[in-house]
Amino acid sequence: MKIIKYLRLPALLVVAFMINVFAVQNDLLVDPPKDKTIEQKIDSVLARMTLEEKIGQLTLFTSDWDVTGPTVRENYKADIKAGKVGAIFNAHTAAFNRELQRIAVEETRLGIPLLFGYDVIHGYKTIFPIPLGEAASWDLEAIEKSSRVAAVEASAAGLHWTYAPMVDIARDPRWGRICEGAGEDTYLGSVIAAARVKGFQGKDLAADNTLAACVKHYAAYGAAQAGRDYHTVDMSERVLREVYLPPFKAAKDAGVRTFMTSFNELDGVPATANGLLLTDILRKEWGFNGFVVTDYTSINEMVDHGSAANEKDAGEQAINAGVDMDMQGAVFYNYLAQSVKEGKVNVKTIDEAVRRILRIKFELGLFDDPYRYSDVERERRLVMSPEHQEIARDVSRKSIVLLKNERQALPLNKTIGTLAVVGPLADNKSELIGSWSAAGDYTKSVSLLEGIRAKIGPGTSLLHVKGCEVEGADKSGFEAALVAAAKADAVVLAIGEKAQMSGEAASRAFIDLPGVQQDLVKALAATGKPLIVVLMNGRPLAVPEVHDKASAILETWFLGTQAGHAIADVLFGDYNPSGKLPVTFPRNLGQVPIFYNMKNTGRPMDPNDKYTSKYLDSPNTPLYPFGYGLSYTTFKYGVPVLSKNSFKASEQITVTVPVTNTGTRGGEEVVQLYVRDLVGSVTRPVKELVDFRKVMLKAGEKKEVVFKLSADQLKFYDRQLKWVAEPGEFDVMVGGNSAEVQSVRITLK
Ligand code: NOJ
């Protein structure tokens, strides 16, 4: 391999440069760099760079391999050769990326290696459940493991950097991107964010099987008005800090190395030029010393937002607010040199951005070996390995939520006799891998029909009929479905959404089942045969009629490559479902936004009083609350016991809750701990999740689940936006979902 050219710098120049650079850093009050030798190496590179080469490092272009946005630059290879681009996304496979890297390392003046990014959101080629689904596992170990596998595969296939985790709190099911995050809750979202970062980045970023993670979309993107993608966001700083920012902070604390800005504006300022977010909070308060990339052309889009006169102005606003890298918009590429000449952007600002980007390249070990992540042999051996399939199957079944199980319709007997497998998604592979499925090859995914076929005993016969499509008005397939149902002992009906009905630019104005699927549910239910509905979807759906008609319902999201096996494991009782909803399922769209930790209002709902907070035509309660999910066994909760009823801020108390498996089979339960601050200097939600434990209980077994509780978990932003726990009374609630809890009162002195 070629020796990298920058290391030949005279020592004196290095020292002189370091003084300058450290002065800039002190101004920014960021975390001190972990590795001083890296900083020295960055100095020596920086000192040799022309302004154009520096701007090149701030430029990220897509390759023509994959498309995740509106424009593809055709001349990106020429740009690499000219040193005008420092990072490439949507390029993958070891061989393809090795060749691009060769151009950068061998054919540019300084030989600075490229950074390769990609949306490895829920797996590279072995696809795991969509993140919302995986969050339903409430299993942090499993979630970390799936990100680990994603990183192992992606890093063998030439990638260094993933645009994940997406940690946007989302409370509007119309918003298609709700499928990419961990749901509605800040605490759950935060611990999952940390688990995902740890999984992607591992313990050593320089290892050949780790990726730099990129937490996104910073910030508040999930609060787009009316759930319409890219729409305006407006919220108080209190809500921003309390609800939307903590998962980002958790990712930062877990060591995430990059942040991505969001498309939305916030309080009138696009996030991509938002100094409060990018400098005041991220750098100064949190001390983040990695780099910030824009989301796609979000700099250019500031012109349409109406906050920049033209692209050059937008670029100046973005870099001065704290953006380091311009994704795909070519604004830095086209205008930044001019902005420097005009004195609109200080070259020190550019140096600092370059420094942050080079830091990550050094941390990844790219300067030691630019090809270490492009290993054809490793790629062949690891990508889609049998071990990864096993892990995916396990995470997938943990993500399934049993929403209804009347008269123990589930699990099915493997020797049931005749089983009708119906529905547009029963024999489908292409939708199972969901949106943002990276290099996922849907032809390799296991359909539900295949999963069932592999599971049933020899004497069981299967009848398969599609019945209808996901969309459209055609009911001509109903008759065959009804004939099959009439012959069968039970019906499994796979319905829901197509993968591309959620994800980016995929908001829906209606959140019920598309097409005639609901009519098919009704028709099949009328046969009187046990009807098992398997839902596949990327958002909470409003399906009250399905709830009424079906004997059992499994929420299976889009489970990825191993979907069919995982669902069959649950259908036939080889795995006892343990998932819990990470997001509320409304009864109807009119209830949206609906989430468990709402405020009480001054007129809380009273069915006997007209003048209270409610609807004339719908209950306030959701179809399925946050944290809800059934099991094939039953769990009984005892009254929580406190180590002390009243405690000081310096103390910690314990909350002990006895949980008993009262059924006949072993199962896992997610025991959830909520608190409510009864009187605050600002109003507090009726309930907030502060901890949970997933416990395995054998049939008949009883365990005492012990939570520690301290004043830290009772904190919120007071009227002065100070993060405080106020003395007073709190309800401490424990239960198996947010709506069914047992409560005890404590006092913080
Ligand atoms: C736009 C999306 O909003 C973002 O999530 C993604 O990482 C980029 N495109 C790159 O594909």
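Each value in this text was obtained by applying a stated rule to the coordinates, not by laboratory testing. Fair warning: this is a prediction, and the values are worked out from it, not measured in the lab. Methodologically, a virtual Cβ is constructed for each residue, glycine included, from the backbone with ideal geometry; neighbour enumeration extends over all protein chains shown.
Quick notes on this structure:
- Cβ-derived FRET efficiency at R0 25 Å, Arg407 paired with Gln518, nearest 0.05: 0.65
- Across the chain, counting alpha-carbon atoms alone, Rg and Dmax equal 26.8, 87 Å.
- Interchain or long-range residues, amide H under 5 Å from Leu266's placed H: Ala271
- Adding -39500 (n - 2.57) for every DSSP H run of four residues or longer, then dividing by how many residues the chain holds, sets the calculated 222 nm ellipticity at -8500 deg cm²/dmol.
- For Tyr624, distant residues with modelled amide H under 5 Å away: Phe585
- Distance from the Cα centroid of the range 114-159 to that of the range 40-95 is 24 Å (rounded to whole angstrom).
- When you restrict to C-alpha pairs under 8 Å that are six or more residues apart and normalise by the size of the range 386-591, the relative contact order lands at 34 percent.
- Coarse-grained scattering of the range 171-284 at q = 0.17 Å⁻¹, given as base-10 log I(q)/I(0) from a Debye sum over alpha-carbon atoms: -0.82
- Highest average first, the peptides 145-156, 404-415, 306-317, 665-676 ordered by how many other beta carbon atoms sit within 10 Å of their residues are 145-156, 665-676, 306-317, 404-415.
- Length added when fully stretched, Gln338-Glu99, from 0.36 nm per residue minus Cα-Cα: 82.8 nm
- Summary of packing: across the peptides 196-208, 570-582, 600-612, the per-residue average of other C-beta atoms within 10 Å ranks them, highest first, as 570-582, 196-208, 600-612.
- Set of lysines with alpha-carbon distance to Lys529 below 24 Å, sequence-local pairs under 8 removed: Lys404, Lys414, Lys455, Lys466, Lys475, Lys487, Lys549
- When each of Lys249/Lys703; Lys398/Lys636; Lys34/Lys84; Lys580/Lys698; Lys216/Lys715; Lys216/Lys444 is checked by Cα-Cα distance, pairs over 27 Å: Lys249/Lys703; Lys34/Lys84; Lys216/Lys444
- Approximate spin-label separation Asp489-Val376, in nm, with each point projected 7 Å along Cα-to-Cβ: 5.3
- Pairwise label distance in nanometres, Arg603 with Lys81, each label 7 Å out on the Cα-Cβ vector: 7.2
- Here's the list of aspartates and glutamates a cross-link from Lys312 could span, going by alpha-carbon distance under 13 Å and ignoring same-chain residues fewer than 8 apart: Glu301, Asp326, Glu342.
- Stretching Lys648 away from Thr37 to a fully extended chain increases their span by 215.4 nm, per 0.36 nm per residue minus the current alpha-carbon distance.
- Considering only the chain, percent of DSSP beta bridges that pair antiparallel, nearest 5: 55
- Folded to 0 to 90 degrees: helix 94-107 orientation relative to the chain principal axis, Cα: 20
- Look at the dipole of the chain built from charges on Cβ: of Ala223, Ala206, Gly423, the Cα furthest out on the positive end belongs to Ala206.
- Global form of the range 452-608, assessed from the alpha-carbon gyration tensor, a/c cut-off 1.5: prolate
- Taking 7 Å steps out from each Cα toward its Cβ at Glu52 and Glu729 produces label points 7.3 nm apart.
- Relative to the dominant Cα principal axis of the chain, helix 311-321 is inclined by about 80°.
- Relative contact order [Cα under 8 Å, 6+ residues apart], the chain, whole percent: 13
- 3J(HN,Hα) along the range 160-166, derived from phi through the Karplus expression 6.51 cos²θ - 1.76 cosθ + 1.60 where θ = phi - 60°, amounts to 10, 8, 10, 8, 7, x, 8 Hz, with x in place of Gly and Pro.
- Neighbourhood charge, 10 Å Cβ-Cβ cut-off, centred on Val679 and excluding it, Lys, Arg +1 and Asp, Glu -1: -2
- Amide H contacts under 5 Å for Asn537, placed H, 5+ residues apart: Glu497, Thr556, Trp557, Phe558
- Annotation: extensible slack from Lys614 through Ser476 equals 45.6 nm (criterion: 0.36 nm per residue apart, minus Cα-Cα distance).
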